[in-house]
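Asker: Okay, handing you the structure first.
Read-outs throughout are calculated quantities, based only on the coordinates presented, and are distinct from any laboratory measurement. The structure presented is a predicted model; accordingly, all values stated were derived computationally and were not measured. Heads up, the Cβs are rebuilt from the backbone with ideal geometry, glycines too, and the neighbour counts pull from every protein chain shown.
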């Protein structure tokens, strides 16, 4: 079975905190490319910004992308949320809103990678951390990602999560995949 790697980050290119830096969008695109090149499935929140940049990178490299939407159907996804559909192989409509969608999103990944982000991304990180997942952090991508070392120290809780920090998308994806494989072997899952 192909590994499923989530890319989590800010959805809105414009919002209360301003525009997502071009560097963060480029890093997300490059992560999507690397996930596709490593024959993995990309999973994200089926929204604009960082998730859409990653989806674009994967699809432009013949990848497979699963979007987990907070909407209850395509109409709500496109009209109410104004979320994209173009760079997705499959979109799953949860009808759970953002917080419920985040749980479904993260729990359907073998690992997540955090890029930039704000409060929603922090929520996705804490879900993955609490569940003991493999978590990649794209260092230098801004937002929440650049503050997670401090947050982890404050939390000071061993959940079994493996948090991997890296500044290079190719290296980060390779390191995350090695940890996924290591866990699969120790669990005797093939």
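Asker: Within the range 147-163, track down each residue that is touching a residue at least 24 places away in the same chain (Cβ under 8 Å) and at positive phi.
Answerer: 160
Asker: OK, next. Checking the condition under 19 Å from residue 10 (Cα atoms) and in contact with a helix residue (DSSP H, G or I) (Cβ under 9 Å, 6 or more places away or on another chain), which residue from 66, 152, 91 passes?
Answerer: Numbers: 66 fails: in contact with a helix residue (DSSP H, G or I) (Cβ under 9 Å, 6 or more places away or on another chain); 152 fails: under 19 Å from residue 10 (Cα atoms).
Being under 19 Å from residue 10 (Cα atoms) and in contact with a helix residue (DSSP H, G or I) (Cβ under 9 Å, 6 or more places away or on another chain) holds for just one of 66, 152, 91, which is 91.
Asker: A further question on this structure: Quick one: would you say residue 123 is more than 25 Å from residue 36 (Cα to Cα) and under 14 Å from the mean Cα position of the chain (by Cα)? First the steps, then the outcome.
Answerer: Details: more than 25 Å from residue 36 (Cα to Cα): yes; under 14 Å from the mean Cα position of the chain (by Cα): yes.
So residue 123 fits the description; yes.
Asker: Given 134, 144, which one is in contact (Cβ under 8 Å) with a residue 40 or more places away in the chain and either in contact with a strand residue (DSSP E or B) (Cβ under 9 Å, 6 or more places away or on another chain) or buried (at least 16 other Cβ atoms within 10 Å of the Cβ) (or both)? Give the steps one after another, and end with the answer.
Answerer: Details: 144 fails: in contact (Cβ under 8 Å) with a residue 40 or more places away in the chain.
Of the residues listed, the single one that is in contact (Cβ under 8 Å) with a residue 40 or more places away in the chain and either in contact with a strand residue (DSSP E or B) (Cβ under 9 Å, 6 or more places away or on another chain) or buried (at least 16 other Cβ atoms within 10 Å of the Cβ) (or both) is 134.
Asker: Take the range 38-97 and flag every residue that is assigned to a helix (DSSP H, G or I) and buried (at least 17 other Cβ atoms within 10 Å of the Cβ). Steps first, please.
Answerer: To start, the set of residues in the range 38-97 that are assigned to a helix (DSSP H, G or I) comprises 50-59, 74-80, 97.
If the condition is that a residue be assigned to a helix (DSSP H, G or I) and buried (at least 17 other Cβ atoms within 10 Å of the Cβ), then 50, 51, 52, 53, 54, 55, 56, 57, 58, 59, 77 are the ones that fit.
Asker: A follow-up question, please. In this structure, does residue 35 turn out to be in contact with a strand residue (DSSP E or B) (Cβ under 9 Å, 6 or more places away or on another chain), outside any helix (DSSP H, G or I) and closer than 19 Å to residue 134 by Cβ? Outline the logic, then answer.
Answerer: Details: in contact with a strand residue (DSSP E or B) (Cβ under 9 Å, 6 or more places away or on another chain): yes; outside any helix (DSSP H, G or I): no; closer than 19 Å to residue 134 by Cβ: yes.
Considered against the rule, which asks whether it is in contact with a strand residue (DSSP E or B) (Cβ under 9 Å, 6 or more places away or on another chain), outside any helix (DSSP H, G or I) and closer than 19 Å to residue 134 by Cβ, residue 35 comes out as no.
To keep it simple, each residue is scored yes or no on (1) without any contact (Cβ under 8 Å) to a residue 24 or more places away in the chain; (2) farther than 23 Å from residue 103 by Cα; (3) over 11 Å from the mean Cα position of the chain (by Cα).
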residue	(1), (2), (3)
1	yes, no, yes
4	no, no, no
9	no, no, no
21	no, yes, yes
41	no, no, yes
52	no, no, no
60	no, yes, yes
67	no, no, no
70	no, no, yes
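Asker: State all residues of the range 164-178 that are surrounded by 13 or more Cβ atoms within 10 Å (Cβ to Cβ) and either under 15 Å from the mean Cα position of the chain (by Cα) or touching a residue at least 24 places away in the same chain (Cβ under 8 Å) (or both); if no residue qualifies, say none.
Answerer: Residues satisfying the conditions are 164, 165, 166, 169, 170, 172, 173, 174, 175, 176, 177.
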